[in-house]
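Just so you know, all these numbers are worked out from the coordinates, no wet-lab data involved. Keep in mind the model is a prediction, meaning the values are calculated, not measured.
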Ligand code: CTP
Ligand code: CA
C-alpha cells in the first residue's frame, strides 16, 4: 500500500515517458501516421510531476503543450528520433512508461522530392521501425518498465506475450471493446497485467484517472523496495 501521508511520494525519481504518434516520412510533404492524440502520455507526465517526479516526456507530434518545471519535453517526429531520444536518457531514469503509438513500419525509401501523381496504382515499400520499448527492455538494469498494449483479439494472451518479449514489469492493456475508450477519447478502460501475469481490470474512467492509477503502481513498486 502507498504511504498516503507522503505528499510527494515520487520526489527524487526520474521518469521517462513516451507519448503521441510518430510520423514516418514518405516524401517532403507526406507521412504515415496514426490517430493517437498524445493525451494519455501527457496526463501521465502531469500526474507524475504532481507527485514530485522529474519527468522526461518524449513526444511525437501532438497539439498538447505543457509548462511545468518538473517536465522536460523532447519533441520528436519519427520512430527513429523517438528511439534515439529515449536511449540518450534511459540509463539515468528510475521508471520508463511507453505510452506512444509508435509506427510499426516506415517507408523504406524517402523520396527527396514530392512524389508526382502518375500511374493508377502506387505501392510504397515499408520496413519495420525499431521497437523502442523492446530495446529498453533489453537494456533494463533497475528501471521499472511499463508498456501499453492495444489489442483487438486474444487481448490478455497477446498482452502477456508482450510482457515477456519486451521484458516489462507491468503492461496497461487498452480495451477497445469498450465504447468510451481509446484514440481521441477522454476516457480509457484498461487492465493491468504484471510480470507474474496477475490481472487487474479497471473501470472505465478519465485518462487523468488512469494516469493516477498507473502512478499508484509506480509508488507501490518503490514502497516494496523500501
Ligand atoms: N512500442 C515501441 N516501439 C515500437 C512499437 C511499439 O516502443 N516500434 C511500444 C508502445 O509504446 C507500447 C508497446 O510497445 O507501449 C506495445 O505497442 P503495440 O503497438 O501494442 O505492440 P507491438 O509490439 O507494436 O505489436 P503489434 O502492434 O503487432 O500488436
Ligand atoms: Ca504496434
For segment 17-133, percent of DSSP beta bridges that are antiparallel (nearest 5) comes out at 35
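Relative contact order (percent) for the chain, with alpha-carbon contacts under 8 angstrom and 6 or more residues of separation?
Working: 472 pairs, mean separation 44.9, N = 226.
Relative contact order comes out at 20 percent.
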Using only the alpha carbons of segment 16-93, what is the convex hull's orientation-averaged projected area in square nanometres? 5.2
How many angstrom lie between the Cα centre of segment 132-146 and the Cα centre of segment 154-172? 13
Segment 62-156 - convex hull of alpha carbons, volume per residue in Å³: 188
Antiparallel as a % of all DSSP beta bridges within segment 106-226, to the nearest 5? 65
Report, in degrees rounded to the nearest 10, the 0 to 90 angle that the Cα long axis of helix 79-90 makes with the longest principal axis of the chain. 30
Say we join alpha carbon atoms closer than 10 Å with springs in a Gaussian network model of the chain; which of 49, 19, 119 then has the biggest fluctuation? 119
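Taking the square root of 5 times each eigenvalue of the Cα gyration tensor, what semi-axes in Å does the equivalent ellipsoid of segment 167-226 have, largest first? Could the numbers behind the result be given before it?
Working: eigenvalues 103, 34, 13 Å².
Computed over segment 167-226, the values are 23, 13, 8 Å.
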21 Å tail of the calculated P(r), the chain, as % of Cα pairs: 56
Compute a Gaussian network model of the chain, connecting alpha carbons closer than 10 Å, and tell me which residue from 73, 210, 29 fluctuates the most. 29
Run the numbers on segment 104-177 and let me know its relative contact order in percent, using alpha-carbon pairs under 8 Å that are six or more apart. 29
Using only the alpha-carbon atoms, how far is helix 155-165 inclined from the longest principal axis of the chain? Give it as 0 to 90 degrees, nearest 10. 90
DSSP beta bridges in the chain, what fraction antiparallel, as a percent rounded to 5? 35
Hey, what number do you get for the chain at 222 nm if only DSSP H runs of n ≥ 4 count, each worth -39500 (n - 2.57), divided across all residues, to the nearest 500? -8500 deg cm²/dmol
Using only Cα atoms and rounding to the nearest 10 degrees, what angle (0 to 90) does helix 39-50 make with the longest principal axis of the chain? 30
